[in-house]
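Novice: Sharing a structure below in structure tokens format, with a few things to ask.
The values are calculated or read from the model by the stated rules, or taken from the named source; none is laboratory data. Owing to the predicted nature of the structure, the values given are computational and were not obtained by experimental measurement. Note that we place each Cβ from the backbone using ideal geometry, even for glycine, and neighbour counts take in every protein chain shown. Side chains included, ligands, DNA and RNA excluded: accessible areas come from the protein's heavy atoms. Shrake-Rupley method; radii C 1.70, N 1.55, O 1.52, S 1.80 Å.
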Amino acid sequence: MLREYAILADGERGAVVGPRGDIAWLCFPRWDSAPVFSALLGGHGVYSVAPRDPFVWGGSYENGTLIWHSRWVTHTGIVESREALAYPADPHRMILLRRVRAIDAPGLVAVWLRPRGDNDRRPWRELHRHGDTWTARVDNLYLRWTGGAGAHARDRRGGLLLHLDLAAGEHHDLVLELSDRPLIDEGVDADTAWRATDAAWRDAVPACDAALNPRHTRHSYAVLRGLTGRGGGMVAAATTGLPERSDAGRDYDYRYVWIRDQCYAGQAAATIGPDPLLDDAARFVAERLLADGDKLAPAYTVLGEPVPSQHRLGLPGYPGGSDLVGNWVNQQFQLDAYGEALLLFAAAAGHDRLDGRHWDAVEVAVQAIERHWTEPDAGIWELHDRAWTHSRLIAAAGLRAIASAIIGNSSSYRTAGRGWLTLADRIVADTSAHALHPDGRWQRNPDDPQVDAALLLPGLRGATSADDPRARATFDAYLRDLTDDGYAYRFRHDARPLPEAEGSFLLCGFLVALTHHRYGDATRARSWYEITRSATGPARLFSEEYDATQQQMRGNLPQAFVHALHLETAHRLAADDR
């Protein structure tokens, strides 16, 4: 089950760790590269560390880091493995650190290393041992594994098996390196790498003491930091093909940078202050706007390149899912991305973090809205092109926010800002004329009278005033029609009960909490926050959806926009306690 998996990440790539200490998914050199370990999708590539005796599993992260401790209780004692990707990252070289320790009694541990190349089709080759170190090639990659002197071949697929016999209190270091360049140095000293990684995480993650549940909030920040590379791009998730609903065809590749999600993360970071995650988001989004203008794609690779079209890897796939890579979003136009970009830039302007290129990107986004706001788009849920109410109102919210950031300060853009407010008024008036339900609430689009969770966002982001009756009526209708037993859903797919059609959408639970907070209901806001933040496993990672009936996580993980909304909600609701 997904609740049993943790993530190690260094910004450039991530490793998914299972309950048997199994690195079940790792792509190299980047998030969207081919997998070297692919057991999560049914492949043979895996790197596991676990006791040889029967055990009960557990695990936890060190506070404010993505350093994970796998913990196994056996009949004879406790064994732990401290695990991390060395941080900060080298884009050309990954260092996976594992420190296996017998805590209170002797421990017998089995280590199994079997990388695979060409999407699990080829074993490693040129395997050689040099004392304590093994070297090999995995396709065009270079591999070095230190600490495996006693390993021997396990099977015809080319795996190595190492048995560790640890005395009580003894530890053994395993260091796995992957590089797209020859490894010509003397290798990695484990103690030095661990000290550097510890220090880097301490420097990277703020205390979040002003938020609700600082430890959990810091963890969400650490996840977002781990998903964000040195180029500023933050991938939406570390995995691909994990189904939202078993055998329903709703499984996607999220190992790319969604403009909308990046904006959510930046706005969340802005609740902390002038934060590096805010700067990263503003930089990446500005670069893409300046490069692509009104052809802005909804998503990009971490290098800012186009997302490939959907295709198969040739793996069995996760149970109930598939082995899909690439994403059809590369064919879509999403108007709200421009509005979210303006909201992001406004948040950055509030901390005086915009320079000339950012303001050039602001103008590009405004011009794109001016030219295209009347056109249909795929919307936040990436469905068929329609005149989605959310998209238009978020565009208006972005215009209002950036105009206010200008008009409230000394700026040569003041006249332009007043024009942006006028455009926002025009968009809201037109949307109200065509997509206002007879009950006085917003509806999904002019032809669809349903309510939708996305329609909570424009009110939160300032498309209309705080006391606007349309926003309040929308929230009341949403609570009535799209929540069930403390869980929130996106929209109605059909006449089935909400939990049968899809999982609770965790983003929506935090939107409900924020909206209650907006209307001054601190008690309900806190209740929604607590229920939603609890929809995780021991690793406290959020997936996209949560099956409230079976209490299971659904979809890819860790889902960045859920962690972003958790970070924002925890900070905004904390104001009620001060």
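Novice: What is the sum of charges, Lys and Arg at +1 and Asp and Glu at -1, for the other residues whose Cβ falls under 12 Å from the Cβ of Ala238?
Specialist: -1
Novice: Then there's this: Enter the angle in degrees (range 0 to 90, nearest 10) between the Cα long axis of helix 560-574 and the first principal axis of the Cα atoms of the chain, meaning the one along which they spread out most.
Specialist: Roughly 60 degrees, rounded to the nearest 10.
Novice: Output wanted: per-residue J couplings in Hz (rounded whole) for region 186-202, from phi through Karplus 6.51 cos²θ - 1.76 cosθ + 1.60, θ = phi - 60°, x for Gly and Pro.
Specialist: Result, ordered by residue: 7, x, 9, 7, 4, 4, 5, 5, 5, 4, 5, 5, 4, 5, 5, 5, 4 Hz.
Novice: If r is the Cβ-Cβ distance from Gln551 to Gln367 and R0 is 51 Å, what FRET efficiency results, to the nearest 0.05?
Specialist: 0.60
Novice: Pairing the Cα long axis of helix 259-270 with the longest principal axis of the chain, what angle in degrees results, from 0 to 90 and rounded to the nearest 10?
Specialist: Roughly 90 degrees, rounded to the nearest 10.
Novice: Oh, and also: Let me know the charge dipole size of region 131-269 about its Cα centre in debye, to the nearest 20, where only the beta-carbon of Lys, Arg (+1) and Asp, Glu (-1) is charged.
Specialist: The calculated dipole for region 131-269 is roughly 540 debye.
Novice: Provide, for q = 0.07 Å⁻¹, the log10 of I(q)/I(0) from a solvent-free Debye sum over equal Cα point scatterers in the chain.
Specialist: Once normalised to I(0) and log-transformed, intensities are -0.42.
Novice: What is the spin-label model distance, in nm, from Asp360 to His92 if the labels are put 7 Å beyond Cα along the C-beta direction?
Specialist: 2.9
Novice: Around Tyr489, which amide H atoms from residues at least 5 apart in sequence, or from another chain, sit under 5 Å from its own amide H, with H modelled in the peptide plane?
Specialist: Sorted by chain and number, the residues that satisfy this are Phe505.
Novice: Across 10 Å bins from the origin, how do the percents of Cα pairs in region 526-578 run, short distances first?
Specialist: The distribution over region 526-578 is 23, 53, 21, 3, given as percents.
Novice: Then there's this: From Cα pairs below 8 angstrom and at least 6 apart in sequence, can you work out the relative contact order of the chain, rounded to a whole percent?
Specialist: The value is 13 percent.
Novice: Another question, if that's okay. Amide H neighbours of Asp22 under 5 Å, at least 5 residues apart or on other chains, H built in the peptide plane: list them.
Specialist: Val49
Novice: Okay, next question. Modelled label-to-label distance, Asp352 and Arg480, 7 Å Cα→beta-carbon offset: nm?
Specialist: 4.9
Novice: Can you give the local net charge around Leu335? Use residues other than it whose beta-carbon is closer than 12 angstrom to its beta-carbon, Lys and Arg +1, Asp and Glu -1.
Specialist: Combined, the nearby Lys, Arg, Asp and Glu give -3.
Novice: What is the P(r) of region 326-474, as percent of Cα-Cα pairs per 5 Å bin from 0?
Specialist: 2, 10, 20, 23, 18, 14, 8, 4, 1, 0
Novice: Give me the one-decimal nm value for the distance between modelled label points at Val73 and Ile103, 7 Å along each residue's Cα-to-Cβ direction.
Specialist: Calculated label separation equals 0.9 nm.
Novice: How many angstrom lie between the C-alpha centres of region 77-110 and region 252-323?
Specialist: Measuring centre to centre over Cα atoms gives 30 Å.
Novice: Report the charge-dipole magnitude of region 269-388 in Debye, nearest 20, computed about the Cα centre from +1 at each Lys and Arg Cβ and -1 at each Asp and Glu Cβ.
Specialist: Its charge dipole is roughly 280 debye.
Novice: Another question, if that's okay. When the dipole is taken about the Cα centre of the chain, and only Lys, Arg (+1) and Asp, Glu (-1) are charged at their Cβ, what size is it in debye, to the nearest 20?
Specialist: 400
Novice: Give me the net charge for the shell around Gly304: Cβ to Cβ below 14 angstrom, other residues only, Lys and Arg +1, Asp and Glu -1.
Specialist: Value of the local net charge: 0.
Novice: Between 0 and 90 degrees, rounded to the nearest ten: what's the tilt of helix 389-407 against the longest Cα principal axis of the chain?
Specialist: Tilt of helix 389-407: around 80 degrees.
Novice: Rounded to a whole number, what is D in µm²/s for region 154-261 from Stokes-Einstein with the Kirkwood radius over alpha-carbon pairs (20 °C, 1.002 mPa s)?
Specialist: The diffusion coefficient I find is 115 µm²/s.
Novice: Taking the Cβ-Cβ separation of Arg137 and Arg195 as r and a Förster radius of 30 Å, what is the calculated FRET efficiency to the nearest 0.05?
Specialist: FRET efficiency, Arg137 to Arg195: 0.50.
Novice: Further, regarding this structure: Place the peptides 125-135, 280-290, 311-321 in order of packing, highest mean first, counting for every residue the other Cβ atoms within 10 Å and averaging per peptide.
Specialist: The densest-packed peptide leads the list: 280-290, 311-321, 125-135.
Novice: Probe radius 1.4 Å, ligands and nucleic acids ignored: give me the carbon and sulfur share of the accessible area of the chain as a rounded percent.
Specialist: 48
Novice: Report the normalised scattering of region 1-68 as log10 I(q)/I(0) at q = 0.18, 0.24 Å⁻¹, calculated by the Debye formula with identical scatterers on the alpha carbons.
Specialist: Calculated log10 I(q)/I(0) at the listed q: -0.70, -1.12.
Novice: Something else: Taking R0 as 56 Å, what FRET efficiency do you get between Leu183 and Ala433 from their Cβ-Cβ distance, rounded to the nearest 0.05?
Specialist: Between Leu183 and Ala433 the formula returns 0.30.
Novice: Another question, if that's okay. Among Ile184, Gly158, Gly147, whose Cα sits farthest toward the positive end of the charge dipole of region 135-245 (+1 at Cβ of Lys/Arg, -1 at Cβ of Asp/Glu, about the Cα centre)?
Specialist: Of the listed residues, the answer is Gly158.
Novice: Here is a follow-up. Just to be sure I understand the curve: with the Debye formula and one point per C-alpha of region 282-365, what is log10 I(q)/I(0) at q = 0.14 Å⁻¹?
Specialist: Reported log10 I(q)/I(0), two decimals: -0.57.
Novice: Then there's this: Per-residue HN-Hα couplings for region 340-352, Karplus 6.51 cos²θ - 1.76 cosθ + 1.60 at θ = phi - 60°, whole Hz, x for Gly and Pro?
Specialist: 5, 4, 5, 4, 4, 5, 5, 5, 5, 4, x, 10, 6
Novice: Output wanted: per-residue J couplings in Hz (rounded whole) for region 49-59, from phi through Karplus 6.51 cos²θ - 1.76 cosθ + 1.60, θ = phi - 60°, x for Gly and Pro.
Specialist: Whole-Hz 3J(HN,Hα) from phi for region 49-59: 9, 7, x, 7, 8, x, 8, 10, 9, x, x.
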